[in-house]
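The values are calculated or read from the model by the stated rules, or taken from the named source; none is laboratory data. These figures come from a predicted structure and were not determined experimentally. Here the Cβ is made from the backbone with ideal geometry for all residues, glycine too, and neighbour counts use every protein chain on show. All accessible areas refer to the heavy atoms of the entire protein, side chains included, with ligands and DNA or RNA removed. Shrake-Rupley method; radii C 1.70, N 1.55, O 1.52, S 1.80 Å.
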Amino acid sequence: MKVSASIVIYNEEKETLKKVIDSFLSITLDKELIVVDNSPNNNLQEFCETFDGIKYILSNKNLGFGSGHNLAFKNLSKKSDVHMIINPDTYFNGEDIKEFLLWMNEHPEVVLSVPRVYSPDHTIQNIVREIPTPITLIKRRLNFKGIFDDFIAKDEFRDIKFCKTTEIPFAHGCFFLFQTEIFNNLNGFDERFFMYMEDVDIFIRAKKYGQTVINPHYKIYHEHRRGSSKNFKLLYYHINSAIKFFWKN
């Protein structure tokens with residue numbers, strides 16, 4: 001089988017980027033990785049090209065998350081069986097993810113899947129969520145002194161251990177496996193979302209083709225920067241995308 005993957009970066013740290021590229025290159029399958037750089041310059045080009053088999057694309061402007069991954073997909077050299085969407089702040093064991101990819105290829109009824117996600121300190125990240133509503137986002141933003149902790153815990157399915165492969169509403173987009181044909185049929189991510197909500201949107205659209213699942217038998221590590229809670233510009237992007245999402249749905 002053939003595997004393709006894309007990573008979208010913006011002024012990324014070399015040490016962080018090296019970890020995820022090394023992780024991908026340790027997968028012992030026929031594979032192709034495209035790195036799309038949304039940075040204002042090509043400072044990372046020489047660094048990326050030190051890795052064998054990595055294609056680097058400078059977008060010349062900040063396309064955003066979804067558009068960057070779509071650009072990578074359009075520049076693949078040949079069609080793959082499974083396509084990976086990988087955040088630059090993740091890393092994983094290549095042999096473990098190889099087995100995940102083989103599993104995905106053997107289950108065409110599963111159109112989109114995610115692994116178990118851990119923080120670097122080995123604590124589990126609660127990436128599975130209900131499809132958000134305006135009330136959901138408001139309660140998350142206004143959760144002062146934990147007044148909405150119970151609501152958030154239920155929204156994140158914290159009472160479910162996910163010990164087996166389970167169909168889910170959606171999961172945050174740090175690491176996705178798609179049946180490549182389905183990603184192509186979906187025309188990739190909806191480029192109206194610059195950042196945020198594109199993961200929810202593509203989960204909803206993918207469900208028309210088959211199952212969207214978490215497979216907890218495989219794992220990755222994710223630094224989880226939580227940008228919109230710390231940066232007003234990113235918060236603006238989050239609110240803007242949420243308005244577009246709710247208008248669309």
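Does I152 meet the test of being touching a Lys or Arg at 6+ places or on another chain (Cβ under 8 Å), aliphatic (A, V, I, L, M) and part of a strand (DSSP E or B)? No: the conditions fail for I152. Considering P115, P169, P88, P108, the condition of being more than 16 Å from the chain's Cα centre (by Cα) and on the phi < 0 side of the Ramachandran plot is satisfied by P108 alone. If you check L186 against the conditions, is it surrounded by 13 or more Cβ atoms within 10 Å (Cβ to Cβ) and within 25 Å of N240 (Cα to Cα)? Yes: the conditions hold for L186.
Considering the range 15-32, the residues that are over 19 Å from T180 (Cα atoms) and among the basic types (K, R) include one that is surrounded by the most Cβ atoms within 10 Å (Cβ to Cβ), namely K19. Find all pairs meeting these conditions: Cβ atoms under 6 angstrom apart; at least six residues apart or on different chains; first residue within the range 156-173 and in contact (Cβ under 8 Å) with a residue 60 or more places away in the chain; second residue not aromatic (F, W, Y). Short answer, once both residue conditions are applied: G173/D199. Taking the conditions (1) under 24 Å from H107 (Cβ atoms); (2) surrounded by fewer than 18 Cβ atoms within 10 Å (Cβ to Cβ) in turn, H172 satisfies each one other than (2). A residue that is over 16 Å from the mean Cα position of the chain (by Cα), of a type outside the set (D, E, K, R), at pLDDT 80 or above and open to solvent by less than 40 Å² (accessible area, probe 1.4 Å) can be found somewhere in the range 194-215.
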